Number of protein chains: 2
Amino acid sequence: MNISDYMQTLGQQARQAARLLARASTSDKNVALLEIATQIRSAASSLKEENAKDLDTGKAKGLDAAMLDRLTLTDARIEQMAEGLEQIAQLPDPVGEISNMTYRPSGIQLGQMRVPLGVVGIIYESRPNVTVDAAALCLKSGNATILRGGSEAIHSNQAIAKCIEAGLIKAGLPANAVQVVETTDRSAVDELVRMTDYVDVIVPRGGKGLIERVSREARVPVIKHLDGICHVYIDAEADLLMAEEIAFNAKCHRYGVCNAMETLLVDIAIAAEFLPKIAVRYASEQVELRGCERTREILPQAIAVTEVDWDTEYLAPILSIRVVNGLDEALDHIDRHSSAHTETIVTENYSKARRFLREVDSSSVMVNASTRFADGFEYGLGAEIGISTDKIHARGPVGLLGLTSQKWIVLGSGQIRN
Amino acid sequence: MNISDYMQTLGQQARQAARLLARASTSDKNVALLEIATQIRSAASSLKEENAKDLDTGKAKGLDAAMLDRLTLTDARIEQMAEGLEQIAQLPDPVGEISNMTYRPSGIQLGQMRVPLGVVGIIYESRPNVTVDAAALCLKSGNATILRGGSEAIHSNQAIAKCIEAGLIKAGLPANAVQVVETTDRSAVDELVRMTDYVDVIVPRGGKGLIERVSREARVPVIKHLDGICHVYIDAEADLLMAEEIAFNAKCHRYGVCNAMETLLVDIAIAAEFLPKIAVRYASEQVELRGCERTREILPQAIAVTEVDWDTEYLAPILSIRVVNGLDEALDHIDRHSSAHTETIVTENYSKARRFLREVDSSSVMVNASTRFADGFEYGLGAEIGISTDKIHARGPVGLLGLTSQKWIVLGSGQIRN
């Protein structure tokens with residue numbers, strides 16, 4: 001069978017499964033999630049065997065250490081996958097939730113019902129746990145899924161797929177509710193993102209190259225985030241001790257994450273007092289500082305920042321610093337360079353906090369808190385399928401609600417239009 | 001200037017204006033809407049003069065009577081445009097609305113703020129009033145707009161654009177908040193729907209050909225509706241008098257609208273009683289009936305329906321009728337042939353009403369009410385920019401809320417991640 005026919009078949013099967021899944025009861029979906037957890041735990045040794053094949057191939061291909069680490073399934077990671085399934089089983093089911101039922105002057109009673117999107121296509125790279133996490137979130141929200149993992153994880157993903165299928169069947173749900181693409185041919189991705197009849201939304205997870213390619217090729221709507229170029233602005237009226245803690249945490253808590261700060265903006269009024277203190281903290285973690293001219297007058301150890309730095313997601317112990325003339329210059333910098341992920345102001349000034357909240361056009365806008373809080377678990381979504389920097393449909397961490405939509409429902413007693 | 005450069009310039013100007021508009025006060029936006037209404041009323045005679053040029057060109061080109069009618073600006077239609085602006089000024093401003101502020105275990109206070117989408121591109125055909133309606137909805141919701149009307153209305157739209165610009169300037173808002181494309185070159189549309197840096201969403205309004213072309217070419221997200229193939233299902237346990245009124249109203253209240261019924265599904269248990277009665281009503285309005293075999297056994301005057309009929313939006317006094325074996329067959333027919341716009345069940349049975357509401361995957365699902373209620377005004381949205389049959393972002397009538405998104409906001413007191 002050629003790739004196109006194969007993907008069309010997956011699409012048709014997913015669409016059929018989606019119809020059944022949309023009306024599945026909460027309890028059936030939860031039983032399936034728990035059954036999959038059981039299957040995964042009892043398949044631990046075979047999962048590791050299949051994973052070892054991927055690791056061997058990966059080493060032979062010369063994958064770097066970080067990539068091999070992401071690819072590796074350990075007992076602890078297998079247990080984490082099972083626990084993730086149990087957590088998602090415990091989340092409230094959004095499907096069928098009815099809200100805002102009100103009577104209109106015509107006498108009809110109008111409201112909205114939350115419904116699944118239908119079929120979700122997930123395209124991701126090396127981490128095999130995404131197979132379980134994404135399938136579980138889609139299943140709980142009543143969506144069928146087509147999962148396309150990286151070729152380097154093909155054996156691991158197929159083994160996980162068997163566990164998922166067994167769990168679905170045990171719970172009496174359609175086995176095609178979750179389908180893992182079995183080919184590593186790249187044209188399968190092109191087909192997947194163009195099957196508008198069978199796929200309702202695509203979620204790409206991975207590096208910028210993958211996401212750009214998917215966005216470019218897709219005819220199906222995409223929920224994505226490209227970059228996390230997050231800013232912290234230290235206002236003239238900031239509590240400088242708080243500012244130091246937030247600026248340190250936002251950069252140094254973890255480097256390789258999208259909600260880490262990449263650029264620090266400092267009001268000129270407190271720059272000479274604040275920058276030397278925070279520089280000591282960064283020095284303790286060997287963070288490389290790249291500063292504007294005014295920054296370097298205060299911190300001569302900083303190297304000169306370039307225009308490219310302002311638009312770079314380092315994902316590394318590197319920080320750009322700019323001294324600004326107050327809030328307007330900070331807002332202007334953010335408007336030009338932010339990736340619309342997460343920005344924070346540190347200030348005790350009410351009016352400036354309020355302006356920052358209103359005027360910064362990012363998926364998360366914060367006052368006096370670390371950018372690192374922009375996360376599905378911290379926001380209480382339970383888990384996230386991704387963090388959207390798009391404006392349409394879902395912004396920021398996308399959990400179960402982001403995988404649903406609302407339809408209008410009307411209850412009448414024979415009303416007709418006059 | 002070539003078309004691409006021209007459109008890029010419009011895009012950059014729109015993006016700049018959107019920043020200012022996003023933070024404009026409700027009162028400034030309302031002043032602008034009322035000023036535009038004043039400008040339109042006082043420009044009535046020049047609007048009609050410019051419109052006459054379009055009508056002359058249209059007649060010379062051989063436009064049909066319906067198209068010429070849609071194109072014509074009368075005093076009454078000019079007054080309607082002004083009143084529409086006044087109504088939108090009275091609607092509540094969705095921008096800045098904060099909801100669901102709750103404390104998380106970390107101590108951060110988390111909620112969502114409603115924000116404009118940014119820049120909205122509207123692509124439409126002959127009716128010049130769309131220029132005002134769409135601009136007004138976008139303005140009220142804090143979005144900049146780029147409007148691309150049909151070439152047949154170019155003089156009318158340019159004249160309306162001058163009124164809008166004058167109103168914006170009088171209210172102190174950026175003149176580029178609303179821009180009407182001045183060229184009739186079709187490549188301007190291709191450019192508009194691909195300017196992902198400057199345009200956040202495209203709303204095409206018009207015939208199926210236009211919408212299909214825009215959807216195919218667009219790189220920017222599209223809010224659209226393709227067809228309105230709406231169904232009414234008369235259940236075995238329907239109140240047949242109510243069923244007759246709803247089936248008559250859904251078809252005959254207006255023919256050329258997307259929420260009119262195109263297919264009537266009738267349970268076989270009451271078909272012999274119900275169909276002759278409703279057929280008399282339809283005969284009184286010269287509605288052509290096209291029936292399945294079982295329909296034609298009861299109504300020999302109906303012509304034989306074909307498979308194509310089930311997927312056709314007539315927008316005319318024509319109706320397809322199918323006799324079905326109960327709810328499951330009705331649901332199956334809807335699943336295969338509905339355009340996911342609006343479907344109604346007429347029944348007194350609680351369980352069947354509940355199943356229909358849950359299982360029909362359309363933007364509006366109704367019990368015992370005419371499909372004609374699926375409309376922004378009837379739903380209390382005030383006005384609509386369109387009716388979406390997509391699942392992402394907005395379903396059904398799209399009013400001010402559909403032109404906004406929600407960002408996360410976090411209020412902290414120095415919280416950092418552990």
Fill in the blank from the handout: P(r) of segment A:1-83 over all Cα-Cα pairs, 5 Å bins starting at 0, rounded to whole percent, reads 3, 12, 14, 12, 12, 18, 19, 8, 3, 0
Fill in the blank from the handout: Label points for A:Lys61 built 7 Å along Cα→Cβ; distances to same position in the other copies, nm, shortest first, come to 5.4
Handout entry: Nearest-20 debye value, the protein assembly as shown charge dipole, Cβ charges on Lys, Arg, Asp, Glu
Key = 240 debye
Completion exercise
Taking a ≥ b ≥ c as the square roots of the eigenvalues of the Cα gyration tensor, with a/c under 1.5 meaning rounded and otherwise prolate when a/b exceeds b/c and oblate if not, chain B is oblate
Handout entry: Among beta bridges that DSSP assigns inside the protein assembly as shown, antiparallel share in %, nearest 5
Key = 25 percent
Handout entry: For the A-to-B rotation axis, chain A residue with nearest beta carbon and its distance in angstrom
Key = A:His393, 2
Practice task
Order by neighbour count: A:Ser364, B:Ser413, fewest other Cβ atoms within 10 Å first, most last.
Solution key: B:Ser413, A:Ser364
Practice task
Would you tell me the mean number of C-beta atoms belonging to other protein chains that fall within 10 Å of each C-beta in A:357-367, as a whole number?
Solution key: 6
Fill in the blank from the handout: For segment A:55-121, averaging the sequence separation of alpha carbon pairs under 8 Å that lie six or more residues apart and dividing by its residue count, the contact order in percent is 20 percent
Practice task
Please find, in a Gaussian network model of chain B (springs between Cα atoms separated by less than 10 Å), the residue of B:Leu137, B:Leu85, B:Leu331 whose mean-square fluctuation is greatest.
Solution key: B:Leu331
Exercise for the section: Please figure out what share of the DSSP beta bridges in chain B is antiparallel and state it in percent, rounded to the nearest 5. Expected result: 30 percent
Exercise for the section: Under a 10 Å cutoff between Cα atoms, tell me which one of A:Val367, A:Val193, A:Val201 has the largest fluctuation in the Gaussian network model of chain A. Expected result: A:Val367
Problem - Peptide A:109-118 - average C-beta neighbours from other chains (10 Å radius) - result: 3
Handout entry: For B:Ala383, residues with placed amide H under 5 Å, excluding near neighbours
Key = B:Leu400
Problem - chain A, helix-only ellipticity at 222 nm - DSSP H runs n ≥ 4, -39,500 (n - 2.57), divided by all residues, nearest 500 - result: -14000 deg cm²/dmol
Exercise for the section: Over the whole of A:217-224, what's the average partner chain Cβ count within 10 Å per residue? Rounded to a whole number, please. Expected result: 2
Practice task
Run the numbers on chain A and let me know its relative contact order in percent, using alpha-carbon pairs under 8 Å that are six or more apart.
Solution key: 18 percent
Fill in the blank from the handout: Relative to chain B, whose Cα atoms define the longest principal axis, helix B:129-140 and its Cα axis are tilted in degrees, nearest 10, by 60 degrees
Practice task
Determine the principal axes of the Cα atoms in the protein assembly as shown, then give the extent along each, sorted from largest to smallest and rounded to whole angstroms.
Solution key: 89, 72, 46
Completion exercise
Helix A:268-284: inclination vs chain A longest Cα principal axis, degrees, rounded to 10, gives 60 degrees
Exercise for the section: For chain B, with a Gaussian network of springs between Cα atoms less than 10 Å apart, report the residue from B:Glu97, B:Glu50, B:Glu293 with the top mean-square fluctuation. Expected result: B:Glu97
Exercise for the section: Place the label 7 angstrom along Cα→C-beta at B:Glu313 and in each other copy, then list the distances from the first to the rest in nm, shortest first. Expected result: 3.8
Problem - Interchain or long-range residues, amide H under 5 Å from A:Ser388's placed H - result: A:Gly396, A:Val398
Completion exercise
Inter-copy distances for B:Arg23, label 7 Å out on the Cα-Cβ vector, sorted ascending, nm, one decimal, are 5.2
Handout entry: Cα extents of segment B:330-405 along the three principal axes, largest first (Å)
Key = 37, 23, 18
Fill in the blank from the handout: Percent relative contact order for segment A:360-418, counting Cα pairs under 8 Å at least six residues apart, stands at 25 percent
Handout entry: Isotropic mean projected area of the C-alpha convex hull, segment B:230-373 (nm²)
Key = 7.0 nm²
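Read the figures in this text as sums done on the coordinates, not as results from a lab. Note that the structure is predicted; figures quoted are calculated from it, not measured. All Cβ positions, even for glycine, are placed from backbone atoms using ideal geometry, and neighbour counts span all protein chains on display.
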